[in-house]
Amino acid sequence: MQIPAKLKALALVVTLGASTLPGQSRAEVTVSHSNDPNPVLGLELNALLNQERNGLENVDADAIERLLASFKPKSSTPAISYSRDFLASQPAAKGGEQWQCLAEALYFEARGESVKGQFAVAEVILNRVSSSKFPNTVCGVVHQGTGKKYQCQFTYTCDGYADVVREKGAWDQVAKVAKLMIDGAPRTLTQGATHYHTRAVNPRWARAFAKTAQIGVHMFYRMPQA
């Protein structure tokens, strides 16, 4: 293996924002404000480049392979079937802070919806994470405006009621939906929707946004230029 060549290719990948990978004609990684690898990889990459510049022979090949691997798709998400039987076949879900925020949002916003409806609400939250018009983390999106009267984005975060999970079965289900979505399940139900509302209300913004889907009791919309 020619270490310098791989190292230079890796430096180019990071510099260009993962537009290409050595040996691949088309990247499978999309870099955005929310998943830019440069801050994470920069220190380790610079150390390797310094080794090469200083003429050191023992450039860390394992480190190079590890950095290259970080650009490869990590999702092992199974093919999604929007059914309770499919979710029942999935292992119990757990995860970190972002998973917790998404699971809680699904529980309090959509636990009474169909499985497809729950995935659709998750799509909206993750579509917002991907948009420069919203915070770039799940927790940031879910709690945007919380604490400001009439300005929270998700009603349960500012309705004055304690957010207590009382239905274990419903929690177990939305937790699995959240895990699948965090792990990279496709977002194909709502055509990039960034907003939704129930059929019981008619918010003013719905007149200006493009309607993309109707699933269960929810109507889905995409904010212009989101």
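The values are calculated or read from the model by the stated rules, or taken from the named source; none is laboratory data. This is a predicted model, so every value here is computed, not measured. We place every Cβ from the backbone using ideal geometry, glycine too, and count neighbours over all the protein chains shown. Note: areas computed on protein heavy atoms with side chains; ligands, DNA, RNA excluded. Shrake-Rupley method; radii C 1.70, N 1.55, O 1.52, S 1.80 Å.
I'm checking my understanding of the structure. Among residues of the stretch 114-142 that are small (Gly, Ala, Ser) and in a helix (DSSP H, G or I), which one is nearest to Ile182 (Cα to Cα)?
Here is the first cut: in the stretch 114-142, the ones small (Gly, Ala, Ser) are 114, 117, 120, 122, 130-132, 140.
Applying the additional criterion that residues be in a helix (DSSP H, G or I) yields 117, 120, 122, 130, 140.
Numbers: Gly117: 16, Ala120: 13, Ala122: 9, Ser130: 12, Gly140: 15 Å.
The residue in question is Ala122.
Does the stretch 96-113 include one or more residues that are assigned to a loop (DSSP other than H, G, I, E, B) and under 16 Å from the mean Cα position of the chain (by Cα)? Yes, some residue in the stretch 96-113 is assigned to a loop (DSSP other than H, G, I, E, B) and under 16 Å from the mean Cα position of the chain (by Cα). Within the stretch 164-190, the set of residues being open to solvent by 20 Å² or more (accessible area, probe 1.4 Å) and in a helix (DSSP H, G or I) comprises Lys168, Gly169, Ala170, Trp171, Asp172, Gln173, Lys176, Lys179, Ile182. Report yes if Gly145 is touching a Cys at 6+ places or on another chain (Cβ under 7 Å), assigned to a loop (DSSP other than H, G, I, E, B) and either surrounded by 19 or more Cβ atoms within 10 Å (Cβ to Cβ) or small (Gly, Ala, Ser) (or both), otherwise no. Yes; evaluated as a whole, the condition is true for this residue.
Test Gln98 against the criterion of being modelled with pLDDT under 95, of a type in the set (S, T, N, Q), over 18 Å from Lys168 (Cβ atoms) and surrounded by 16 or more Cβ atoms within 10 Å (Cβ to Cβ), and give yes or no. Lay out the reasoning, then the answer.
Numbers: modelled with pLDDT under 95: no; of a type in the set (S, T, N, Q): yes; over 18 Å from Lys168 (Cβ atoms): yes; surrounded by 16 or more Cβ atoms within 10 Å (Cβ to Cβ): yes.
Taking the combined requirement at face value, the residue does not satisfy it.
Which residues, taken from the stretch 64-95, are assigned to a helix (DSSP H, G or I) and either at pLDDT below 55 or not acidic (Asp, Glu) (or both)?
Within the stretch 64-95, Ile64, Arg66, Leu67, Leu68, Ala69, Arg84, Phe86, Leu87, Ala88 qualify.
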